[in-house]
Structure formats: structure tokens, C-alpha cells
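Data block below; observations after.
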Amino acid sequence: MFYLASDHAGFALKEKLKQVLIDYKIKFEDLGTNSLEKSVDYPDFAHKLAKKISENLTQNRGIGICGTGIGISIALNRHRKIRAARCLSVEDAELTRKHNNANVLVLAGRKTTPKLARQILRKFLEIKFEGGRHKKRVSKIEI
């Protein structure tokens with residue numbers, strides 16, 4: 001299952017990314033926010049997202065979006081077993097899946113165009129974790 005969460009600054013981009021998940025026939029749940037009109041706090045949505053992913057770490061992944069992607073990624077990465085990666089390019093998405101086994105894609109709602117965000121998400125969905133030497137490194141993240 002895929003979970004999406006954003007603050008008000010990421011709402012519009014989140015809405016545009018849903019079609020990519022539909023195209024890939026991936027079930028998803030939108031955890032909010034549901035408007036760009038009302039200012040909300042990104043940590044609240046990061047915590048909701050992390051909780052949902054933690055319920056089934058082998059199956060669940062997600063997308064977190066705030067204005068810069070920085071705040072929500074910091075909040076997400078405070079949770080055990082969450083590896084949230086802010087990606088500003090398709091290459092970032094490829095490498096974070098291959099090398100870091102990221103389970104949350106973080107995007108910058110105010111800095112990433114919808115076209116680029118769709119490309120980044122597609123790459124995040126298509127690439128698998130390489131394991132090998134990277135598995136040992138990822139295990140060192142989880143102290």
C-alpha cells in the first residue's frame with residue numbers, strides 16, 4: 001500500500017501524483033491535508049505517514065510533501081525504520097532506492113514541477129534495492 005501525506009504547500013502536487021499511482025495500479029490512501037486553503041503543520045502529517053508505513057514495513061511505502069521537502073523529511077526520519085529521502089531529481093530517486101532502500105519519497109511542493117515530480121515518482125516506483133554492500137550500510141542507519 002502507498003500512503004500520501006502533505007501540508008498545505010504540498011497539497012496541489014500531491015493531488016497531481018495520484019494519477020501516477022493509478023497508472024501503476026497501486027492502491028493508495030491519502031492521509032491529508034485536503035486543502036491548500038488552510039495552513040497546517042507538516043509534522044502532524046509526517047507522523048501519520050510514518051505510523052501507517054510502520055504497520056507493514058515490507059509492503060508499505062509513501063510520499064511526503066511540504067514546501068521545501070526539508071521539514072517533512074526531518075519529521076519522518078525521526079521514526080524508527082523510516083528512510084525518507086528528499087529527491088529533487090530522477091537520479092536522486094534512483095539512487096535512494098538502489099542504495100538506501102528508501103521507503104518514503106519526499107518532494108518539495110514549491111520547488112518541483114508536476115512533470116518532474118511524476119518522473120521522480122515513476123523512478124522511485126520502478127527501482128529496487130540492490131542489497132549487497134548497501135544492505136550493511138542501511139542496517140547501520142537503524143541504531
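Some notes on this structure:
- Considering helices alone, the calculated mean residue ellipticity of the chain at 222 nm is -14000 deg cm²/dmol, with DSSP H runs of length four and up weighted by -39500 (n - 2.57) and normalised per residue.
- The chymotrypsin sites (Phe, Trp or Tyr not before Pro) of the stretch 1-73 include none that meets both criteria, a DSSP state outside H, G, I, E and B (loop) and at most 10 other C-beta atoms within 10 angstrom of the site's C-beta.
- For Lys140, the shell of other residues with beta-carbons less than 13 Å away shows a net charge of +4, using +1 for Lys and Arg and -1 for Asp and Glu.
- When DSSP beta bridges are restricted to pairs lying wholly in the stretch 2-141, around 0% turn out antiparallel.
- For the chain, the alpha carbon positions stretch 45, 29, 26 Å along the principal axes, listed from largest to smallest.
- C-alpha long axis of helix 42-54 to longest principal axis of the chain, angle in °: 40
- Global form of the stretch 1-53, assessed from the alpha-carbon gyration tensor, a/c cut-off 1.5: oblate
- Helix 114-126 axis, angle to the chain major axis (alpha carbon atoms, nearest 10°): 30
- Angle in degrees between helix 11-23 and the longest Cα principal axis of the chain, rounded to the nearest 10: 60
- Given charges at beta-carbon only (K, R positive; D, E negative), |dipole| of the chain in Debye: 560
- Shown here for the stretch 1-87: GluC sites (Glu not before Pro) in loop regions (DSSP other than H, G, I, E, B) with at most 14 other Cβ atoms within 10 Å, namely Glu37, Glu55.
- Of the GluC sites (Glu not before Pro) found in the stretch 93-143, the ones in coil according to DSSP and having at most 16 other Cβ atoms within 10 Å of their Cβ are Glu130, Glu142.
- Dipole of the chain, positive direction: furthest Cα of Thr113, Asn34, Phe11, with charges on the beta-carbon: Thr113
Each reported figure results from applying straightforward, stated rules to the coordinates on display, with no laboratory input. All values derive from a computational prediction rather than experimental measurement. No Cβ is skipped: glycine too gets one built from the backbone with ideal geometry, and neighbour counts run over all protein chains shown.
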